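Student: My questions will all concern the structure given below.
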Amino acid sequence: MQSDHFTYVQRIADDQLVLGQRLAEWCGHAPNVEIDLMLANLGLDLLGQARALYSHAAVLEGKGRDEDQIAFLRTEREYGNLLLLEQDNGDFAKTIVRQFFYAAFMLPFWQKMSTSSDEELAAIAAKAVKEMDYHDQHSAEWLVRLGDGTEESHARAQNALEELWPFCGEMFEMDEIASSLLEQGIAVDSAPLKSTWQRRVADIVDQACLALPQSAFAHSGGRAGVHTEHMGHLLIDLQYMQRTYPGMSW
């Protein structure tokens, strides 16, 4: 039976991997070369975090699996990523809104995690704070540019806010696994981060001349492996090489 510690670390790694994969999908398809490179670099930051987390998870599991086996050779229901992160890229505005929502959450999350009693997890968090600070600032600046830009960019940014807002509540959920590890000083209490996140989002949305959605509905299930229709399609691309050429050494 998998330990709660392993599951918790793997979930966070899944978040970074899935969003990194989504950003990688923009490569060669972004609005211009600069944005193409920018999104790829953000994705590489997330991939680096995912690798470190999966490697740590493999040690915690103690079954001889490596980061690649854990990352690529699981079924859809075995991934515990947030539903927000698996949503399709849509247009550039949707990608930026998703990035901002997540970065505004993960910056204070990593800051708290840097004091975890799990020293390896704390070290990963300390490095990730610097990267996520950039992700937060960069996506916020772009959201302001889009919202306070043309009529077209404003409309697309507002539509993205409305579409992705219902997926944000899941970030602040604390299930039995997270709560148990919180008592041990390992996990982060995500619930209190909601007020920090709300203030940050409200400030940037206001600067962007956009309106915060008023719906209180929140999708849930990603942590338990219950995903949206987008996840299966994402895994087809993500896992193709590993499943087509099993055990291949590059």
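The values are calculated or read from the model by the stated rules, or taken from the named source; none is laboratory data. A quick note: this is a predicted structure, and the numbers were derived from the prediction, not measured. All Cβ positions, glycine included, derive from the backbone under ideal geometry; neighbour counts span all protein chains shown. With ligands, DNA and RNA removed, areas are computed over all heavy atoms of the protein, side chains included. Shrake-Rupley method; radii C 1.70, N 1.55, O 1.52, S 1.80 Å.
Student: Counting only other residues whose beta carbon sits under 11 Å from that of residue 103, what net charge do I get with K and R as +1, D and E as -1?
Tutor: -2
Student: Return the calculated 222 nm mean residue ellipticity for the chain, to the nearest 500 deg cm²/dmol, obtained by summing -39500 (n - 2.57) across DSSP H runs with n ≥ 4 and dividing by the residue count.
Tutor: On the way: 11 runs with 163 residues, N = 250.
It lands at -21500 deg cm²/dmol.
Student: Can you tell me the dipole magnitude for the chain around its Cα centre, using point charges on the Cβ only (Lys, Arg +1; Asp, Glu -1), in Debye to the nearest 20?
Tutor: Details: 19 positive and 38 negative charges, 44 e Å.
Rounded to the nearest 20 debye, it is 220 debye.
Student: Can you compute the equivalent ellipsoid semi-axes for segment 83-230, i.e. the square root of 5 times each eigenvalue of the Cα gyration tensor, sorted largest first and rounded to whole Å? All intermediate terms of the calculation are to be shown ahead of the outcome.
Tutor: Details: eigenvalues 156, 62, 33 Å².
After diagonalising the Cα gyration tensor, the semi-axes are 28, 18, 13 Å.
Student: Follow-up question, since we're still on this one. Given the options 74, 51, 200, which has the most mean-square fluctuation in a GNM of the chain, springs set between C-alpha atoms less than 10 angstrom apart?
Tutor: Looking only at 74, 51, 200, the largest GNM fluctuation is found for 74.
Student: So, taking all protein chains as they sit and a 1.4 Å probe, how much accessible area belongs to residue 47, in Å² rounded to tens?
Tutor: Only protein atoms counted, so the area is about 70 Å².
Student: Consider the candidate values (i) 1.09; (ii) 0.98; (iii) 0.95; state which one is Rg/Rh (Cα atoms, Kirkwood Rh) computed from the structure displayed.
Tutor: Of the labelled values, this structure produces (iii).
Student: Another question, then. Specify the residue with the greatest mean-square fluctuation among 104, 52, 13, computed from a Gaussian network of the chain linking alpha-carbon atoms under 10 Å apart.
Tutor: 52
Student: Separate question: Using the beta-carbon distance between residue 40 and residue 78 and R0 = 22 Å, what value does 1/(1 + (r/R0)^6) give for FRET efficiency, to the nearest 0.05?
Tutor: It comes to 0.20.
Student: As I understand it, the dipole of the chain uses +1 on the Cβ of Lys and Arg and -1 on the Cβ of Asp and Glu, about the Cα centre. Which of 165, 59, 218 lies farthest toward its positive end?
Tutor: Working it through, the farthest residue towards the positive pole turns out to be 59.
Student: Once both labels are modelled 7 Å past Cα along the beta-carbon direction, what's the residue 88-residue 229 spacing in nm?
Tutor: Each label point lies 7 Å from its Cα, and together they span 0.9 nm.
Student: By how many nm would the segment from residue 25 to residue 217 lengthen if fully extended, with 0.36 nm per residue of separation less the alpha-carbon distance?
Tutor: Working it through step by step, the gained length comes to 66.2 nm.
Student: Hey, another quick one. Of 63, 94, 194, which has the most accessible area with a 1.4 Å probe, and how do the rest follow in descending order? Walk me through the intermediate numbers first.
Tutor: Numbers: 63 130, 94 15, 194 90 Å².
Highest to lowest solvent-accessible surface, that is 63, 194, 94.
Student: Then there's this: For residue 239 paired with residue 199, estimate the spin-label separation in nm (one decimal), with each label point 7 Å from Cα along the Cα-to-Cβ line.
Tutor: 4.2
Student: Another question about this same structure. Keeping to pairs on different chains or 8 or more places apart, tell me how many lysine pairs in the chain have Cα atoms under 26 Å apart. Don't skip to the end; give the middle numbers.
Tutor: Details: 94/130; 94/194; 112/127; 112/130; 112/194; 127/194; 130/194.
Count of close lysine pairs: 7.
Student: Taking only Cα atoms and a 10 Å spring cutoff, compute GNM fluctuations for the chain and point out the largest among 80, 64, 147.
Tutor: 64
Student: Given the Cα-Cα distance of residue 159 and residue 115 and 0.36 nm per residue of separation, how much length would full extension add, in nm?
Tutor: Values: separation 44, 0.36 × 44 = 15.84 nm, distance 3.75 nm.
Between residue 159 and residue 115, full extension yields 12.1 nm more.
Student: Just how far, in whole angstrom, is segment 103-127 from segment 152-216 if you go by their alpha carbon centroids?
Tutor: 18
Student: Here's something else I'd like to know. Using only Cα atoms, locate the centre of segment 62-85 and the centre of segment 225-250, then give the distance between them in Å, rounded to an integer.
Tutor: Each part's Cα centre sits 10 Å from the other's.
Student: Using only Cα atoms and rounding to the nearest 10 degrees, what angle (0 to 90) does helix 4-24 make with the longest principal axis of the chain?
Tutor: Tilt of helix 4-24: around 40 degrees.
Student: Taking the Cβ of residue 242 as the center, what net charge do the other residues with Cβ under 12 Å away carry, scoring Lys and Arg +1 and Asp and Glu -1?
Tutor: Taking every other residue near residue 242 into account, the sum is -2.
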